Amino acid sequence: MSPRQLLMTAGALLLTAAAARAQDYPRPAVPDLDRLTQELFAEIQSDQVPYEDLYETLLQYYQTPLNLNTATREDLRGLLLLSETQITSLLEHRQRNGALLSLYELQSIQSFDLRTIYRVAPFVSVLTTAPNAARGPLWQRIWQEDNNALFVRYQRTLQGQPGYLPPDTTSTGAPASRYLGSPDKLLVRYRVSRSKDFSLGLTAEKDAGEQLTWDPKTRRYGADFYSGHFVLQERGRLKTLAVGDYQLQYGQGLLLSSGLAVGKGAETITTLRRSSVGVRPYSSVLESTFFRGAAATVAVTGTVRATAFASRKRVDASLQAARDSLADFSEFTSGLLLTGMHRTPTELANRQALRETVLGGNISYASSGGDLQAGVTAVNTLFDKPLQRRDEPYNAFELRGRRNLAISANYSYVWRNLLLFGETARSSGGGLGTVNGVLASLAPNVDVSALYRHYARDFHTLYGNALSENTRNINESGLYLGLKLRPAARWEVSAYYDRFRFPWLRYQAGAPSTGHDWLVRLAFSPTKTSLLYAQIRQRTKAYDADTLRPAPLPVPTRRRSFLLFYDASPTTFLSLRTRVQGSEYREDVGPARHGYVLAQDVTVQPLQRLRLTARYALFDTDDYDTRQYVFEQDVLYAFSVPVLYGQGTRTYVLVQADLNRHLTLWLRYADTHYRHQRTVGSGLEEIQGSRRSDVHAQLRYRF
């Protein structure tokens, strides 16, 4: 037996022994994305976070694991789970010893601990031979691929809502507003994919209130939204070819950012920098965050790659007629609509009202070891009708007209324990945007990060999502500082401080303003199957005060939130999860307002093919400003982050049953019971009574 094989055997025995001490039970068939999300990212109290895109990205990595023996530095960064020091150590180990023989070998690599190995295990593989070296016919590979499944999902609110009542008239005799479709939400999805080979997917979705109808005149062909893609990879010099719907990510996401954008969270180091993952297949149901057309990446040389893409699709917008007969255009839109809802006649009239054409490309260079990377990106966006924002002071520098051309340059350089990265861009209006950062390992147990950003008030990017306090990269400057400490085994402290400034007016702030945001989290892992952490976060941001002053007066508004979370598995078939979270909201004047949630989750797996999950939660908030967002487990490929405010209880039960080797069934029932309320919701969504109940059902057939 060779020395390396001896090391591998010893490593396996050590890992097995450590796992036994840590009550290491077999991993579930699907990784616990709920726990992973909570462990890595902060509990952001906002409805602006694209959770669905993030979940979709993690599931794509699970379905097509990253081969650690062929993954590049940029591929490993895309996982968001490894520090730069860990990535460097893995690449050096590979160069020194050759391909990994097993996942156990990670334990012999410096800076890799058990927690890191268990965290990345569901999303990586160790293959000693190239799985796509001997490719047969494409149709045969698609047919024989194990990662090949059809999903059918159904969702509905059980209580009646006025939006679904028969047509009626108001007291003035005008027709009452109604939803045109049924309260059923339907989704059909097919996906087959193989890592570094191909991906084929089709999705059809109808939201609650939308119609299932065939009307080519209004561009409706059954379901309200369709998405499809076909992607080929690693065909010699052709690295990627995508046809249909796809996403793009280059540099730090200033111009092009896909679902890998996380933002500020409890992971203060690895998620700060972005990775240039390039062209990715799109299979989510968000109706405004993708390109539709074709994209291709080719290897010009061993170190240079070029990407070109073209997209043309219709997007939602509210069209208006120009009042001035001398205007250069007869119709314009005040902005793009991103909800994706087409339930009422007004929403239906806005559906696909604007034609968007996007052309662009990227040229990137990566040194042989991946230490130095640089690239240039260009994105040219054209609309068939001009954008004309509402005549408000805060809109003075917003994008106007039919065209926006943005060009950026990005870089990334690794030197010893430092990673320097950044991207700078200019849009056609002359505005500049830049983001530059550094990650450093000061010691094996100390990591720090810093990032400076500046987005001019006239900088415009439609598909960018770099780190920012605003929901868009415009009118903002800021400095972010992050820290991660591991003072002892199983202990971890993470913290960040972010200072930001808005040089121009913004919505609900009629003057330039400043603010800051900080977070501290203390985490402890008693065993591999348990996790305990406490977290506090405070954000101070200015909003206009309700005063009689003739000029707006932004005043500081502080939101402080805390979270205590404990997750443990006392037995092989029982998992317990306890959460206590709350927030305090205080304006410059007036008393503080509070909100709280106490939630207990229980997961039981009495049989190998049956899994039951339930939650009981109590919530109490003073108003909507103190509302609480809480992650919930849902059917596979779905997410649930309900907003809770008022007083009441929230419960749900989720059942997952493997009926046979092909069929898996998920059933979910969720109920929110409000106290001291006679109605729930408002407008067309109003429910008479104090309870709202929802059902989800999903069936997966694996070919």
**Complete:** Note on region 421-444: residues of a type outside the set (S, T, Y), more than 17 Å from S477 (Cβ to Cβ) and surrounded by 16 or more Cβ atoms within 10 Å (Cβ to Cβ) are F421, G429, V438, L439, A440
**Message:** List the residue pairs whose Cβ atoms are under 6 Å apart, where the first residue sits in region 139-164 and is touching a residue at least 40 places away in the same chain (Cβ under 8 Å), the second is part of a helix (DSSP H, G or I) and not polar (S, T, N, Q), and the two are 6 or more positions apart or on different chains.
**Reply:** Q161/E685; P162/L684; G163/L684
**Request:** Determine the pairs where a residue that is free of Cβ contacts under 8 Å to residues at least 12 places away in the same chain and surrounded by fewer than 17 Cβ atoms within 10 Å (Cβ to Cβ), located within region 584-600, has a partner that is of a type outside the set (G, A, S) and in a strand (DSSP E or B) with Cβ atoms under 8 Å apart, the partner being 6 or more residues away or on another chain.
**Result:** A592/E584; A592/Y585; A592/R586
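One line per residue, one yes/no per condition, for (1) in contact with a helix residue (DSSP H, G or I) (Cβ under 9 Å, 6 or more places away or on another chain); (2) among the hydrophobic types (A, V, I, L, M, F, W, C); (3) surrounded by fewer than 18 Cβ atoms within 10 Å (Cβ to Cβ):
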site: G201; (1), (2), (3): no, no, no
site: A204; (1), (2), (3): no, yes, no
site: T213; (1), (2), (3): no, no, yes
site: D224; (1), (2), (3): no, no, no
site: V231; (1), (2), (3): no, yes, no
site: G236; (1), (2), (3): no, no, yes
site: A266; (1), (2), (3): yes, yes, no
site: T271; (1), (2), (3): yes, no, no
site: S275; (1), (2), (3): yes, no, no
**Prompt:** Identify, please: which residue in region 58-87 is modelled with pLDDT under 75 and in contact with a helix residue (DSSP H, G or I) (Cβ under 9 Å, 6 or more places away or on another chain) and is, among those, surrounded by the most Cβ atoms within 10 Å (Cβ to Cβ)?
**Reply:** L58
**Request:** Could you look through region 398-420, keep only residues that are crowded, with 20+ Cβ neighbours inside 10 Å, among the hydrophobic types (A, V, I, L, M, F, W, C) and over 25 Å from the mean Cα position of the chain (by Cα), and pick out the one that is farthest from R355 (Cα to Cα)?
**Result:** V414
**Message:** Among the listed residues V695, V653, V643, identify the single one that is within 25 Å of the chain's Cα centre (by Cα) and modelled with pLDDT under 95.
**Reply:** V643
**Message:** Return the pair list, or none, for Cβ contacts closer than 6 Å from residues in region 348-374 that are aromatic (F, W, Y) to residues that are outside any loop (DSSP other than H, G, I, E, B), at least 6 apart or on different chains.
**Reply:** Y365/V304; Y365/A374
**Message:** Any residue at all in region 436-445 that's of a type in the set (A, V, I, L, M, F, W, C), under 15 Å from L254 (Cα atoms) and part of a strand (DSSP E or B)?
**Reply:** no
**Prompt:** Restricted to region 596-628, and to residues that are of a type in the set (D, E) and in a strand (DSSP E or B), which residue is nearest to R558 (Cα to Cα)?
**Reply:** D620
**Item:** region 451-489, subset small (G, A, S) and crowded, with 16+ Cβ neighbours inside 10 Å, residue farthest from the chain's Cα centre (by Cα)
**Value:** A456
**Request:** Would you point out the residue of region 226-284, among those that are of a type in the set (S, T, N, Q) and within 24 Å of N148 (Cα to Cα), that is modelled with the lowest pLDDT?
**Result:** S258
**Request:** Could you tell me whether F309 is in contact with a Leu (Cβ under 9 Å, 6 or more places away or on another chain) and at pLDDT below 90?
**Result:** no
**Request:** Say whether the condition of being in contact (Cβ under 8 Å) with a residue 40 or more places away in the chain and out of contact with any helix residue (DSSP H, G or I) (no Cβ under 9 Å at 6 or more places or on another chain) is met by at least one residue in region 96-107.
**Result:** no
**Item:** Top-ranked residue of region 490-511 - restricted to ones that are among the hydrophobic types (A, V, I, L, M, F, W, C) and either closer than 14 Å to S468 by Cβ or in contact (Cβ under 8 Å) with a residue 40 or more places away in the chain (or both), ranked as surrounded by the fewest Cβ atoms within 10 Å (Cβ to Cβ)
**Value:** A511
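The values are calculated or read from the model by the stated rules, or taken from the named source; none is laboratory data. Because the structure is a prediction, the values reported are computed rather than measured. Here Cβ is always computed from backbone atoms with ideal geometry, including for glycine, and neighbour counts include all displayed protein chains.
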